[in-house]
Amino acid sequence: MSFILNIETATKNCSVAIAKNGETILCKEIAEEGYSHAEKLHVFIEEVLKQAGVSFQELAAVAVSQGPGSYTGLRIGVSAAKGLCFALNIPLIAVDTLQTLASKAKIAEGKIIPMLDARRMEVYSAVFNSDLEKERAIEAEIITEDSFKDYTETLYFVGDCAEKCKSVLTKENFVFLEDIKYPSANEMSAISYDKYQKSDTVDVAYFEPYYLKDFLMTTSKK
């Protein structure tokens, strides 16, 4: 019996789930414009464990969203996960954020294109088949009318980019699942348990989030 704590903070959604043998017992999350991760994350962790009746000492591992995504969100999630793993002497599991997002789409055929906003017309994206196998690596790309033009099968787009992309990506085989905006710790449960069984873990001391792009600090013009 393996309890894994799953932490997803790569987007506006601050999400925590406790899972038993790959099945979510309880998930608590909130998506806010103001990125309240720093205030909510540790509260959510304590609440899901308490409500599920699982102690910190019973955890077999902690899984965290590795990115790409928000720099601040990723740092908060990874820092919390590392702290727990150090204190409890348990392994750390890193989960691909876009894989988690893609797994929210249940399709029989076609491709799933998870996309997360990277400002302006740029997105973080990848391509998965209906079995959630990655067929194209993660990229930071600028969306144009020619994006994904070589695909003839139905493409299902998920993520927080529908509003800015659907006016550009207009081919008949493009479908936007607008209800699926953010990755959730709920979908991390099965992925992290599979990695745990394979001993697919990362070094707690040296693991860093997958930012994909260098951090750029801007100065206010006010």
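Read the figures in this text as sums done on the coordinates, not as results from a lab. Please read these numbers as outputs of a predicted model, since none were measured by experiment. Quick reminder, even Gly has a Cβ in these numbers, built from the backbone with ideal geometry, and neighbours come from all protein chains shown.
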### Query
Kirkwood Rh over Cα pairs of segment 105-176 into Stokes-Einstein at 4 °C, 1.567 mPa s: D in µm²/s?
107 µm²/s
### Message
What whole-number distance in Å separates the alpha-carbon centres of segment 110-148 and segment 45-66?
### Response
31 Å
### Message
Please list, in order along segment 36-44, the HN-Hα scalar couplings obtained from phi with the Karplus expression 6.51 cos²θ - 1.76 cosθ + 1.60 (θ = phi - 60°), rounded to whole Hz, x for Gly and Pro.
### Response
8, 4, 4, 7, 9, 4, 5, 5, 4
### Task
Mind giving me the FRET efficiency for Y151 and S199? R0 is 45 Å, r the Cβ-Cβ distance, nearest 0.05 is fine.
0.80
### Summary
What helix-only [θ] at 222 nm does the chain give? Using -39500 (n - 2.57) per DSSP H run of at least 4, over all residues, to the nearest 500, the answer is -8000 deg cm²/dmol
### Task
Starting from the eigenvalues of the Cα gyration tensor, five times each then square-rooted, give me the equivalent ellipsoid semi-axes of the chain, largest first, whole Å.
30, 20, 15
#### Entry: Lys/Arg +1, Asp/Glu -1 at C-beta; segment 105-176 dipole; positive extreme among N129, V168, I107
V168
